[in-house]
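First comes the structure, then the notes that go with it.
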Amino acid sequence: MGIPNLWKLLKPTVLSRTLTELSVAEGFEVNRRGTGVIVLGVDGSLLLNRAQWAAYHQTGRGINMQAGENLPLQILVWQACRILSLPITPVVIFDGAGRPTMKRRHHVKTAPHALLAAYMQLLTYLGFQTYIAPGEAEAELAQLNARGLIDAVLTDDVDTFLFGATCVIQTSNFIKDGDYICIFTSEAIQSHVKTRLTPARILLIAVLSGGDYSRGLRGCGIEIAHQLSLGTTLGEDLYSAVCNYSSTELSSFLEEWCERLRQELVDNPHQALHQRQPALAQKVDKGFPSQKILHAYVHPITSLSDGSTPEINCKIRTPDLAAVAIWCEKYFSWATRGIILDRFQNKVWGGICVRSLIEPVDTTSAIAAHFTAGQPVPCRPSILHIHQATLGPGPPAKKPNTWGYSVQVEPHSFIVETLSCLTPEARRLGNAQPRKNFTVWIPALILERAFPKLVAKFHMKKPRPVPIEAMKPPARGKPSVKKKKKNEAARLKTLANIAHENVAQYNKVIHSNVAYNGNIRRSKEFLAMLIAQRKEDKIIVCEQGIPTDELEKALDNPPNQYSAMVVEMFIAQKCVVEGCQQQVAEGIHAAFCRYWDTMDGTKYAGDYKLDKATNEVSGCPARAPCVLAIKKAMQTRGKATIATRKHAEALSIEDEQKLMQWSQCLCSHERLEEVSSEKNRNGSTRPVKGKDEVAIPLTVEEVHFIFEHGFMRVFVTSAFTLWTRIVEAAHRGIHHTSRSTCITERAGKMHRGNIYEIYPQDIPEIDMYSHLPRWLKLYAALLGRELEPEDQLFPHISANGTIYPRQEMSYTTFSKLLTKFTTGANLVGWFTTHSFRRGGAQYRFVFAPRKWSLNKVLIVALTVGLRCDFEVDTLMKYLLDSLQSYENGHGDALHLVPKGFSESFMGEDVEASPVTAGEVRELKRSVDEKFDTMDENLGRKMDEVVSRITTSFTEAHLVGSRVLQPHHRERSSLLARTARLSATPYDLGSRSTSTSSSASNESEGTRSVSDSSGLLACSKQNKKNEHRAAPIQGVAIPNLRAGPDAWKQAVKQWEEGDEAAGLVALKDWPVEWYTRRMRTFTGSKRRDRELIVIAYDRVGRDEKIFEATYPEAKKSIKSLLNAIRDKLGDVVKPRTSRNGTPEERARSRGVSVEGNGGEHSAES
């Protein structure tokens, strides 16, 4: 309960101990509060709900029948008896009437729990203090813990830290964990390097990620909220404002606070987030967060709210055995069945023995007080002898860690008191059973203080138990492994210190600690040698203005402005001068990151900043830019020494055309041009397709798809035309004029400034003149504004579809896109951005209709940024290596007409040779194919026209009309020519579709027009059964699992959604997700869930009444929906055709309808 996943976030600060060890060491041994016990606040409402849940899930498995009646109360009895046997004074508090009526988006019943009265009566009989809080029990306990009235809080609600608790014990599973518990302290949570959470920061996490009182900011998880709480002051400012401001002042503050939150999410100015979250910023609406929710967290309703302090009794009270026996007989009938003594002997009497030994008793004074004032004499159990010394409580399988004694106790006094107030029949049944001595385990410290002589007598025969720290496992033929020593029992005040010691000891493996310490030691030795040399040379301040005395303190505490420089010099010394590998630089950097991150707690953790005015350092100097640069340089050098050079292949003009055709096949130019932008209600813009009323917002997948194809088309044409790579093209500015398109290189980014005028090209695939303006228009539409001079030509796009115009696209992102496109176009080879430069140059020199001279190629190559030391022979190899492979290869060996590439330049003699008979036949075959395709298309168009005409004639019932037969020409020539001379390099879905459709038309060609209605029905059925993709990708409703609880899943999908399946609550869906084109995909399912929820609300949201009203709910969802539609006629409207009833359609056509279904023309 509480803030989701916050327990998981706090896990590094946990301290695991047994409840027995904690209570004995912290309560009895130190005699806390003078009573020898610890005061433990318990969330009683949580125990009630857990007991009821456990009993409910055990019902039907046979366990409930064996345990007896009122299983939830029995579970509560055994839980109370566990605390009864320890030196603990529990204060059990329950939720009151002032608790919130809505928690975790569910209505909370404010009526008292059905078991509350009986449970509180039991606790009073056992000597526990109980009361009902004004509001929530966890808030009451947290306030008592903060005031020091109780020592710890036992709960499972993590919100107690937000309410001010200092020590929280998380409830555990006794069957799984035994006596071990998880302890969290506010000191450890605030100081641990992985959490650093204060109540103010926890408030920010609750507001953003959600909790018991609100859903938070939709889409914001605990990781993002935690990052904002650590890297900004949003939490501290919000907490202070809620504590100090009035309602009016808080409203104005929240407006400014929300604006700061949006800025942090969009721009990330403090680098608190790992990545920017602009989508979350749009969800920060007006009125967020609610003042009511903020006050519920900061000012909860407690007994201390009005300034009063509840009285907490720290002393142990003796249980009333007779009253407990009557209570158990009332609810369990133990006395009637004669089993009450067995139950009490196993669970109750042992705890009373332990509690009677905790408080020391002066027998002489007690007897005197009895005779003078009539006070009862405190009695102690009749311990006969000590059986053995053992670790407890519980069996060895539960790994107990507290020494104690198993003692034999005489039961007579317990039997008499237990049966004293029961009925005569119950006493008779109890006394009829023979009684034997019973065994009780008592902690060693308690028994030694109460009966020192008995313990000494026992150890005269048997040696004292070995302390846990000195215990060794028994030898079993193999050398024993030395166990690690456990920390000695710590006090509550030192729990945080013990947690810090464990973090320091186990947060890094031993070898890493040794390596880190070695790097720190060697760096200090290096600095000492450097300082000694400067002092020997009597250098007080060097030429760089660095004083020797300040440099000497660079690696001390605190760091100064020269600390980062010393680390940089040390890495250079080890890796450059001494020739060490890159791993040494990485190890030095990691060692100093930990060195400064842990210095003075977390004072110097985080990013490095230097105030030049005061020379004060904040953050870790190992993360300074100079240190990161030298580390990166060593890593790059290490990769360069072992890397092998792999040359990319030149992209030929044919491959470039295939690449562009494949892109245009998937995404046409018209699809790119229809993208525009529109404004949202909050003033921001979003990309849409279409205009005005038919505009549909683009999904994230569609934005990525359109961006990728638009970008690749302009880059491929630009790189092939200008011989550029991605890094160079990203730094070019653009402006488009009516005369030509100009590319301007930015100063400082290229070798020299140039302006390139781009003109139309004959080949569309390399026509940069048309692709570049189309990209600029699409770019502006996706941004929602006009382009600015500072915008990058090829910007970065994030995974959520956000475009960052001032950040250029990385080479890694482009490489992935290039691989995706070349693979899709079935291009063979390894391609990089260098492939376009080589391909464009080779095309102009070798393959273009108007080839460039070698001198012109060399001049242009130097202009676009190639190295100035290029010589002619190097450039010839750069241009002609593919040509040599082309001419020396035998790729044309199987060609019908040998091309003879090796006989002339690029086989130009073949172009000039006479036409052969084989080439004429090949030309004729190609022309026949073209005519056959035209004949096929024309025939299909004629069939469609004739079909439409005859259909209209049939509907009008024209008397005497002739039935036309569509004429289909024989296509034997087409069937004979099934083989093509060359296939397309990739599959075109449209061609396969058209082929299949034409074949279908041919097979149906012999049908008469009078059967056209049947053809249309068949066509519609095929179209209906065809698998279609949803217009909005990723929006779907999971099917319901079959079973009697399927309707509950429907209610959950409507109100809460399904986080595991990524389903948003159906009631919160935008309209476009289930209307228009999405209606056939999600509209019906959503309406079914809505009907079930309406029916559920009509019966008061009571599951039993709902299942009684609709017994079909246990059969199937279909039966349930039919029943709901029958009963809720005011909600469910009958489905009708949008064209009206058959009679209405007939009257609209002027046809009268007779009773037998026949139709006649109105004129007749």
Any hit, region 202-213, residues being within 28 Å of VAL1064 (Cβ to Cβ) and surrounded by fewer than 19 Cβ atoms within 10 Å (Cβ to Cβ) | no
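Report, by residue number, each residue of region 238-252 that is outside any loop (DSSP other than H, G, I, E, B) and open to solvent by 40 Å² or more (accessible area, probe 1.4 Å). Walk me through it before giving the result.
In the first step, residues of region 238-252 are kept if they are outside any loop (DSSP other than H, G, I, E, B); the result is 238-244, 247-252.
Scanning region 238-252 gives TYR239, SER240, CYS243, ASN244, SER247, THR248, GLU249, SER251, SER252.
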Residue pairs qualifying under the 8 Å Cβ cut-off, at least six apart or on distinct chains, with the first in region 1098-1120 being modelled with pLDDT under 85 and the second being among the basic types (Lys, Arg), are none
THR548 being open to solvent by 50 Å² or more (accessible area, probe 1.4 Å), over 35 Å from the mean Cα position of the chain (by Cα) and among the β-branched types (Val, Ile, Thr) = no
Quick check: is even one residue across region 1128-1136 open to solvent by 50 Å² or more (accessible area, probe 1.4 Å), at pLDDT 85 or above and of a type outside the set (Gly, Ala, Ser)?
-> no
Per the list (1) within 17 Å of LYS1114 (Cβ to Cβ); (2) touching a residue at least 40 places away in the same chain (Cβ under 8 Å); (3) open to solvent by 40 Å² or more (accessible area, probe 1.4 Å), residue check on ALA1036 breaks on (1)
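Answer yes if at least one residue in region 172-191 is in a loop (DSSP other than H, G, I, E, B) and at positive phi, and no otherwise. Let's see the steps before the verdict.
We begin by selecting, within region 172-191, every residue in a loop (DSSP other than H, G, I, E, B); these are 172-173, 178-179.
Now restrict to residues that are at positive phi: 178.
Yes, because at least one residue in region 172-191 is in a loop (DSSP other than H, G, I, E, B) and at positive phi.
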Taking region 271-327 as the region of interest, how many residues are under 22 Å from ALA165 (Cα atoms) and either of a type in the set (Val, Ile, Thr) or in contact with a Gly (Cβ under 6 Å, 6 or more places away or on another chain) (or both)?
-> 7
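Picking from LEU154, LEU162, LEU141, which residue would you name as being in contact with a strand residue (DSSP E or B) (Cβ under 9 Å, 6 or more places away or on another chain) and either in a loop (DSSP other than H, G, I, E, B) or under 21 Å from GLY351 (Cα atoms) (or both)? Give the derivation first.
Numbers: LEU162 fails: in contact with a strand residue (DSSP E or B) (Cβ under 9 Å, 6 or more places away or on another chain); LEU141 fails: either in a loop (DSSP other than H, G, I, E, B) or under 21 Å from GLY351 (Cα atoms) (or both).
Being in contact with a strand residue (DSSP E or B) (Cβ under 9 Å, 6 or more places away or on another chain) and either in a loop (DSSP other than H, G, I, E, B) or under 21 Å from GLY351 (Cα atoms) (or both) holds for just one of LEU154, LEU162, LEU141, which is LEU154.
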Residue list for region 256-291, filter: touching a residue at least 24 places away in the same chain (Cβ under 8 Å) and over 29 Å from ALA799 (Cα atoms) | SER290, GLN291
Say we look at region 11-55 and pick out the residues that are within 21 Å of LEU73 (Cα to Cα) and among the polar types (S, T, N, Q); which of these is surrounded by the most Cβ atoms within 10 Å (Cβ to Cβ)?
-> SER45
Only residues that are open to solvent by less than 20 Å² (accessible area, probe 1.4 Å), more than 20 Å from GLU702 (Cβ to Cβ) and part of a helix (DSSP H, G or I): list them for region 789-830, please.
-> PHE814, LEU818, THR822
Filter region 114-126 down to residues that are open to solvent by 10 Å² or more (accessible area, probe 1.4 Å) and in a loop (DSSP other than H, G, I, E, B) and give me whichever is farthest from VAL440 (Cα to Cα).
-> ALA114
Top-ranked residue of region 897-951 - restricted to ones that are of a type in the set (Phe, Trp, Tyr) and open to solvent by 80 Å² or more (accessible area, probe 1.4 Å), ranked as modelled with the highest pLDDT | PHE931
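Looking at GLU586, is it touching a Phe, Trp or Tyr at 6+ places or on another chain (Cβ under 8 Å) and open to solvent by 40 Å² or more (accessible area, probe 1.4 Å)?
On the way: touching a Phe, Trp or Tyr at 6+ places or on another chain (Cβ under 8 Å): no; open to solvent by 40 Å² or more (accessible area, probe 1.4 Å): yes.
No, not satisfied.
Scan region 97-113 and give yes if some residue there is surrounded by fewer than 24 Cβ atoms within 10 Å (Cβ to Cβ), at positive phi, within 34 Å of the chain's Cα centre (by Cα) and in contact (Cβ under 8 Å) with a residue 40 or more places away in the chain, otherwise no.
Looking for residues that are surrounded by fewer than 24 Cβ atoms within 10 Å (Cβ to Cβ), at positive phi, within 34 Å of the chain's Cα centre (by Cα) and in contact (Cβ under 8 Å) with a residue 40 or more places away in the chain, one finds at least one in region 97-113, hence yes.
Would you confirm, using the coordinates I've provided, whether LEU234 is open to solvent by less than 10 Å² (accessible area, probe 1.4 Å), at pLDDT 90 or above, touching a His at 6+ places or on another chain (Cβ under 9 Å) and under 25 Å from THR598 (Cα atoms)? Give the derivation first.
Numbers: open to solvent by less than 10 Å² (accessible area, probe 1.4 Å): yes; at pLDDT 90 or above: yes; touching a His at 6+ places or on another chain (Cβ under 9 Å): no; under 25 Å from THR598 (Cα atoms): yes.
No.
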Note on region 386-423: residues open to solvent by less than 30 Å² (accessible area, probe 1.4 Å) and among the hydrophobic types (A, V, I, L, M, F, W, C) are ILE386, VAL407, VAL409, PHE414, ILE415, LEU419, LEU422
Can you name the residue in region 140-159 that is within 29 Å of the chain's Cα centre (by Cα) and either at pLDDT 90 or above or of a type in the set (Asp, Glu) (or both) and, of all such residues, is farthest from VAL37 (Cα to Cα)?
-> ASP159
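The values are calculated or read from the model by the stated rules, or taken from the named source; none is laboratory data. In this text the structure is predicted, and so the values were computed from the model without any measurement. Glycine also receives a Cβ, built like all others from the backbone with ideal geometry; neighbour counts cover every protein chain displayed. Just the protein is used for accessible areas: all its heavy atoms, side chains included, with ligands, DNA and RNA removed. Shrake-Rupley method; radii C 1.70, N 1.55, O 1.52, S 1.80 Å.
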